[in-house]
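Q: Let me give you the structure first, and then I'll get to my questions.
The values are calculated or read from the model by the stated rules, or taken from the named source; none is laboratory data. Model, not experiment: these values are computed from the prediction. Cβ atoms come from the backbone with ideal geometry, glycine included; neighbour counts cover every protein chain shown.
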Amino acid sequence: MLHGKDSGGCARAFTVPELGVQEIVKRNGETKVDLGTRKPGNLRFSCAMGMQTGAITFRETPSEALQPQEGHRRR
């Protein structure tokens, strides 16, 4: 969920090039963006012009941490 507050200009255009996501953020309100199920790591985003950038960090959930990894079994 993106929260726009007095947003304007190209900053309203939330883009995630890796996923092909392009959403215009509501000027004063919430904009829902589906990023799918992500593995742990960083996902870069920017405004439409690429001048304002950032990253979202996805972390392992507690339930994933308890799952045996491929090639390893719990005893």
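Q: Give me the residue from the range 3-54 that is exposed (fewer than 12 other Cβ atoms within 10 Å of the Cβ) and acidic (Asp, Glu) and, out of that set, farthest from the chain's Cα centre (by Cα).
A: Asp6
Q: Restrict the check to the range 28-36 and report whether at least one residue is more than 15 Å from Gly4 (Cβ to Cβ), β-branched (Val, Ile, Thr) and either part of a strand (DSSP E or B) or modelled with pLDDT of 95 or more (or both).
A: no
Q: Which one is modelled with the lowest pLDDT, of the residues in the range 56-66 that are surrounded by 10 or more Cβ atoms within 10 Å (Cβ to Cβ) and not β-branched (Val, Ile, Thr)?
A: Residue satisfying both the conditions and the ranking: Glu64.
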